[in-house]
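Each remark here refers to the structure printed beneath this line.
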Amino acid sequence: MNVKTGYIILEQPTYQGFSIQDGDHILYHTMKESLQQNIVYQVKTDDGITTYYTTGYTNKYDEPIYEHQIVGKIIGLSEDNIWNTLCLQLWDLSINNLNAVALFSD
């Protein structure tokens, strides 16, 4: 995944049907409370606890990642240009200011 200035498109863990498989790119919180992006190379579930093993672009293997650390699965990238910025700002504005009561009232 080419890392440049822009936006990342995430599928959040709350999304219906969300799953992480080998080869997926994920964004997660590290134990030091910073955000990190890596590639999953193995997923294990023992006693109901799912553990993700990741590697970076330098093929360095990292510490295991647990479900509570996952921010989301990276499903795409978008360029940082005026059109994408405007569309994302409008989308954010509409989501944050959606008045569900107005949809169901006369």
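Worth pointing out:
- Number of the exception - Ser94 against (1) part of a loop (DSSP other than H, G, I, E, B); (2) at pLDDT below 75: (1)
- The set of residues from segment 16-53 being surrounded by 12 or more Cβ atoms within 10 Å (Cβ to Cβ), among the hydroxyl-bearing types (Ser, Thr, Tyr) and in contact with a Lys or Arg (Cβ under 9 Å, 6 or more places away or on another chain) comprises Thr50, Thr51, Tyr52, Tyr53.
- Listed by position, the strands (runs of 3 or more DSSP E) enclosed by segment 25-91 that each have at least 3 residues that are without any contact (Cβ under 8 Å) to a residue 60 or more places away in the chain are 25-29, 35-46, 49-55.
- Top-ranked residue in segment 1-14 [being assigned to a loop (DSSP other than H, G, I, E, B) and in contact (Cβ under 8 Å) with a residue 40 or more places away in the chain; ranked as nearest to the chain's Cα centre (by Cα)]: Gln12
- Residues located in segment 65-92, provided they are more than 16 Å from the chain's Cα centre (by Cα) and among the β-branched types (Val, Ile, Thr): Ile82, Thr85
The values are calculated or read from the model by the stated rules, or taken from the named source; none is laboratory data. Remember, it's a predicted structure, so these values are computed and weren't measured experimentally. Note that we place each Cβ from the backbone using ideal geometry, even for glycine, and neighbour counts take in every protein chain shown.
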